[in-house]
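Participant: The following block contains the structure, expressed as structure tokens.
No value in this document is a laboratory result; all are computed from the given coordinates. Please read these numbers as outputs of a predicted model, since none were measured by experiment. Note: ideal-geometry Cβ built from the backbone for every residue, glycine included; neighbour counts use all protein chains shown.
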């Protein structure tokens with residue numbers, strides 16, 4: 001049924017573009033005869049272009065994982081309060097973007113900053129093609145502004161990392177060896193029910209992952225404090241682990257094809273992908289050179305321009 005729904009959505013979108021193109025041709029012919037105005041032709045043209053570009057952008061979401069939800073994790077970089085405040089600003093930006101798309105957001109882990117902001121947050125974003133769109137946000141985001149936390153009013157630079165992985169669903173099978181899993185429990189912090197700070201409901205999952213290609217073993221650590229139940233937090237931590245293992249497997253497939261790697265712009269963890277310069281009223285993506293002066297709109301979740309520019313340049317590379 002999901003496959004049928006996907007095909008139906010493609011056919012519907014195609015027919016809308018075809019109808020808009022035919023209406024544009026009619027409007028143009030009528031304008032030459034004086035039946036319609038130039039403004040009506042312009043309106044028909046703009047409508048057709050929007051539909052066509054939306055369909056073309058959807059065509060850039062062709063990878064098998066693009067249709068899934070996403071796990072988005074934000075970590076404050078070095079810089080103390082300033083960096084932690086920047087991390088919370090990014091969280092707000094993504095939360096607003098998800099709200100505009102009617103995506104469901106669940107906070108699975110949240111760690112407050114020392115004085116303000118947050119040290120880390122993990123967001124589960126559920127909705128069609130959430131990962132396909134949000135994968136463009138993977139990397140380091142740089143903020144330049146006059147810091148409200150600096151007594152001299154100096155211009156400060158802060159960094160926060162954003163990591164995006166697919167949120168797997170029930171249709172994807174991921175094997176986890178129970179022997180390689182261990183658990184810690186701790187008391188959750190922050191607002192919540194009466195169990196908070198009294199019962200060890202928070203869980204920390206440790207998983208020893210062995211790379212099948214190199215044999216290297218590394219530890220994956222997942223924290224979850226979403227639920228007031230330790231059992232609920234363990235279930236969700238396992239889901240997040242499987243999502244991360246799924247992303248690792250996808251990366252293995254990408255590395256296996258030299259042709260793909262040669263034609264694809266690689267995004268390394270720790271690379272600076274975007275700069276937000278508040279004083280100059282400029283947000284610029286360094287991969288696509290797309291930029292805007294409407295800083296306030298971007299921080300309120302208007303990311304579609306950046307996402308579209310990324311997908312149109314890199315999204316179709318498989």
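Participant: Quick one: compute a quarter of the convex hull surface over the Cα atoms of the chain and quote it in nm².
Facilitator: Values: hull surface 85.1 nm².
Computing the convex hull of the Cα atoms and averaging its projections yields 21.3 nm².
Participant: How big is the C-alpha Rg of segment 204-245 next to the rule-of-thumb value 2.2 N^0.38 Å, as a ratio? If you can, show how the numbers build up before the last one.
Facilitator: Details: Rg = 12.0 Å, N = 42, 2.2 N^0.38 = 9.1 Å.
In units of the globular-protein estimate, segment 204-245 measures up at 1.31.
Participant: Further, regarding this structure: Translational diffusion coefficient, Stokes-Einstein: compute it for segment 2-59 using the Kirkwood radius over C-alpha pairs as Rh, at 25 °C and 0.890 mPa s, and state it as an integer in µm² s⁻¹.
Facilitator: The calculation lands on 200 µm²/s.
Participant: Taking each pair of distinct Cα atoms in segment 114-166 once, what is the resulting Kirkwood hydrodynamic radius in Å?
Facilitator: Details: mean 1/r = 0.0737 Å⁻¹.
Over segment 114-166, the inverse of the mean reciprocal pair distance is 13.6 Å.
Participant: While we're looking at this one, here's another question. Taking 35 Å as R0, compute the FRET efficiency from the Cβ-Cβ separation of residue 119 and residue 214 and round it to 0.05.
Facilitator: Working: r = 31 Å, r/R0 = 0.89.
FRET efficiency, residue 119 to residue 214: 0.65.
Participant: Sticking with this structure for a sec: Nearest 500 deg cm²/dmol is fine: what mean residue ellipticity at 222 nm does the chain get from its DSSP H runs of n ≥ 4 alone, each adding -39,500 (n - 2.57), divided by its residue count? Let's see the in-between values first.
Facilitator: Values: 8 runs with 122 residues, N = 318.
For the chain, the value works out to -12500 deg cm²/dmol.
Participant: Using only the C-alpha atoms of segment 40-109, find the volume of their convex hull and express it per residue in Å³. Show your work: numbers first, answer last.
Facilitator: Working: hull volume 10.7 nm³, N = 70.
Roughly 153 Å³ of hull volume per residue.
Participant: Where the convex hull is taken over the Cα atoms of segment 84-189, what is its projected area averaged over directions, in nm²? Walk me through the numbers on the way to the answer.
Facilitator: Numbers: hull surface 37.3 nm².
Computed as one quarter of the Cα hull surface, the answer is 9.3 nm².
Participant: In µm²/s, what is D for segment 1-146 at 25 °C and 0.890 mPa s, where D = kT/(6 pi eta Rh) by Stokes-Einstein and Rh is the Kirkwood radius from Cα pairs? Each step should come with its number before you reach the end.
Facilitator: Numbers: Rh = 18.6 Å.
Approximately 132 µm²/s, per Stokes-Einstein.
Participant: Give the angle, between 0 and 90 degrees and rounded to the nearest 10, that separates the Cα long axis of helix 81-100 from the longest principal axis of the Cα atoms of the chain.
Facilitator: 50
Participant: Using alpha carbons only, how many degrees (0 to 90, rounded to 10) separate the axis of helix 230-256 from the longest principal axis of the chain?
Facilitator: Result, in degrees: 60.
Participant: Hey, what D do you get for segment 138-177 in µm²/s if you plug the Kirkwood alpha-carbon radius into Stokes-Einstein at 10 °C and 1.306 mPa s? Could you put the intermediate results ahead of the total?
Facilitator: Details: Rh = 13.8 Å.
Answer, rounded: 115 µm²/s.
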